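Just so you know, all these numbers are worked out from the coordinates, no wet-lab data involved. The structure displayed is predicted, hence computed values, not measured ones. Because the Cβ atoms are built from the backbone with ideal geometry, glycine has one as well, and the counts that use them run over all protein chains shown.
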Amino acid sequence: MKISILTISDTRNFDNDTSGLFIKDFFISKKNKVINYEIVIDEKNKIKNKLLNYTKENIDLILTTGGTGVAPRDVTPEATSEVIEKKVPGISEYIRYISFQKTSHACLSRNVSGIKNKTLIVNLPGSKKAVSEILPLIYEPLVHAIDLINNRSTFH
């Protein structure tokens with residue numbers, strides 16, 4: 001798979017972005033290609049523009065980390081919703097389900113998942129701990145979804 005990673009944060013840089021780096025290392029360890037890994041501030045139009053640009057690059061999967069909560073600057077779900085053409089709510093529900101096993105604060109997550117062109121976009125929490133608990137469990141469903149999106153034969 002070709003992956004793009006977008007960390008959304010007003011305070012992170014490449015030296016302290018533990019969740020984005022975890023995502024990058026996780027997918028590289030699974031023999032995927034990380035095409036883009038960037039950090040953008042919590043501004044809806046900046047996030048939206050990055051997502052739109054990635055979907056033009058023949059990327060299979062875009063993973064965002066951060067900006068999915070209820071704070072005033074948390075606008076990742078709104079930006080993602082304006083980009084996607086088809087919602088895939090089950091992925092977001094599964095992410096929240098995984099998180100509920102660890103914390104009741106999972107009910108504050110507003111993450112969105114969906115498809116633009118042939119690119120799957122998934123919002124992840126901003127915490128490295130949360131991302132490290134979620135990614136191993138959603139990896140196989142993500143691979144399967146990308147096969148289906150690209151009309152590749154797959155076993156159900």
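Taking Cβ atoms as reference points and 13 Å as the exclusive limit, the residues near K116 contribute a net charge of +2, counting Lys and Arg as +1 and Asp and Glu as -1. Counted residue by residue at 0.36 nm each, then reduced by the alpha carbon distance between them, the extension gain from C107 to E82 reaches 6.8 nm.
Computed from the C-beta positions of Y97 and N13, the FRET efficiency with R₀ = 22 Å rounds to 0.10. Name all residues of segment 23-40 having a backbone nitrogen under 20 Å from the label point set 7 Å from the Cα of K56 along its Cα→Cβ direction, giving them as ranges. Within reach of a label on K56, which here means backbone N under 20 Å from a point 7 Å along Cα→Cβ, segment 23-40 contributes 35-40. Compute the signed sum of charges (Lys and Arg +1, Asp and Glu -1) over the other residues within less than 15 Å, Cβ to Cβ, of K31. Once positives and negatives cancel, what remains is +1. For the chain, the relative contact order comes to 25 percent (Cα pairs under 8 Å, sequence separation of at least 6). Among residues other than K86 with Cβ under 12 Å from its Cβ, the summed charge is +2 (Lys and Arg +1, Asp and Glu -1). Computed packing ranks the peptides 144-153, 91-100 as 91-100, 144-153, most packed first, by mean other Cβ atoms within 10 Å. Using label points projected 7 Å from each Cα along Cα→Cβ, tell me how many nm separate S29 and R73, to one decimal. Output for this residue pair reads 3.0 nm.
In segment 2-149, the DSSP beta bridges split such that about 25 percent are antiparallel, to the nearest 5. Here is the link list: K56/K128; K33/K118; K56/K102; K86/K128; K46/K102. Which ones come out longer than 26 Å on Cα distance? Checking Cα-Cα distances, K56/K128; K56/K102; K86/K128; K46/K102 exceed 26 Å.
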